[in-house]
Amino acid sequence: MQPRIPRQSPQEEDSRRQDTARLSDELAAVVSGARRRAVRDRDRHVDPAHLLHSLLEQDPDVHAVLGDGPQVARLLGYLVQRSIGYGLRWQGTVEDSGAVPVVPDGDGLSPLAADALHDCRLRAARRGDPLARGADLLGALVRDPRARAVEVLGRSGVDVDELRARIGEQGAPGVEGAY
């Protein structure tokens, strides 16, 4: 039986280590958690919803951006439902931004998940922070309206347009700096 997420060659592992070097330790743990979740869910790729789920489980600053309270609980409940069966219609598919042909990228990320991680690093750099943080990833995840993370947020009652505006140029509540 082949693994669901392809094993990396030593060169790919070095490349991934270089990429995660620009992520905070907390955010690197989020990405690792998303990879484990994708394997557990038997998904072929880590998608933005996996990243969102792991981000919510591990980063209390993101709770502050989302407004904490019942909204975060509802969102986590929705993500758990997705992981125990709701996501069956998503299994075996690759989320595609439409910008490039869908080709497995060797690190197990869907095209939109890879774009989100790249974008979160750019957000940190624009802010002058050498490390990308959870709120950077949240901002990157809600950027593309076709991302599964946006669908999950919307279905759980989050006003995604308002969230984008809060994370946008004005900065996010409870988080240092502008995003």
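All of the numbers you see were taken from the coordinates with simple rules; none came from a lab. Just so it is clear, the model here is predicted, and its values are computed rather than measured. Cβ: placed from backbone, ideal geometry, glycine included. Neighbour counts: every protein chain shown.
Quick look at the values:
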quantity	calculated
Residues whose placed amide H lies under 5 Å from that of A132, excluding near-sequence neighbours	L23, S24
Sequence ranges 116-122, 159-165, 136-142, 72-78, ranked by mean other-Cβ count within 10 angstrom, highest first	136-142, 116-122, 72-78, 159-165
